[in-house]
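First up is the structure itself, then whatever we jot down about it.
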Amino acid sequence: SLGVEEIRDVTKKMEFKGNLSANRVIIISNVERLSISAFNSFLKSLEEPFPGNVIIMTGRDKASIPETISSRTRQIQLSQITEKLIFEHLNNNLMVKRDLATRISALSGGRVGFAIMCAQDEEKFDNFEKSSNLLWNSFRSQSIYDKIACTDTILKVESLRDQLEFSQLHGSVMLDNYIKADDVAGTRMVAAFISSLAAAMVLLSQNINKKIVLDNLILGNLND
């Protein structure tokens, strides 16, 4: 996540006029990744921005953004690109094989950039899928050993937040399948999985230790 020092560096640069233009656009993508301290240090810049600066923050998880931040910004909801359009772009324009394009578009969550990244790095996409399946199987398992082993494995992923986001999308696809199969028990389990993933994302945004976040996610449904 972005820390206080990175935000201070951004605000420091905002004090000076640009060389080529009187205006400057500051873009902070995945704003939910800012730490709480970083959010707090950014408040003054939002309340009293330096002249000539436009601040654009993008994100997917509105719930993880503090009210003190969201209340000081103008929010614009962007529509997601449909699964069909993403599939056509991958299959027709990037010449991605039909089967892979189908898998990626279904799990992209409307994110074209993410879909292209997965198409260009199939191994990374496969790792996302494998880790997501591991999380799901461990979540529904009642074996404490399976759950502990899963935590140890998932802690090694490059970005836990990206993995949890992917697993939420994966869970949504599974949920549709269980609903179509009229499997009530399975539907309830997947819904609980998706809800637990959302709760884990909130904890991550609060800078809770990653192991604690995963333990809470995976061990949370362990029967007494």
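The values are calculated or read from the model by the stated rules, or taken from the named source; none is laboratory data. Since the model is a prediction, treat every value here as computed from it, not as a measurement. In this analysis, Cβ positions are derived from the backbone assuming ideal geometry, glycine residues included, and neighbour counts consider all displayed protein chains. Surface accessibility is based on the protein's heavy atoms, side chains included, excluding ligands, DNA and RNA. Shrake-Rupley method; radii C 1.70, N 1.55, O 1.52, S 1.80 Å.
Values as computed for the structure displayed
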read-out	value
For the stretch 79-224, size of Cβ-based charge dipole, Lys and Arg +1, Asp and Glu -1, in debye	140
Dipole in debye (nearest 20) - the stretch 15-145, about Cα centre, beta carbon charges: Lys, Arg +1; Asp, Glu -1	160
Prolate/oblate/rounded label for the stretch 1-152 (Cα gyration tensor, a/c 1.5)	oblate
Accessible area of Lys13 in the full protein assembly, 1.4 Å probe (Å², nearest 10)	120
Probe 1.4 Å, all protein chains present, accessible-area order of Met174, Met117, Met14, largest first	Met117, Met174, Met14
The chain, relative contact order [Cα under 8 Å, separation at least 6], %	18
5 angstrom amide H check on Ile28, placed H, neighbours 5+ away	Ile56, Met57, Thr58
Rounded accessible area of Glu165 (nearest 10 Å², 1.4 Å probe)	20
Residue (of His170, Met117, Asn127) at the positive-pole extreme of the chain, dipole from beta-carbon charges	Met117
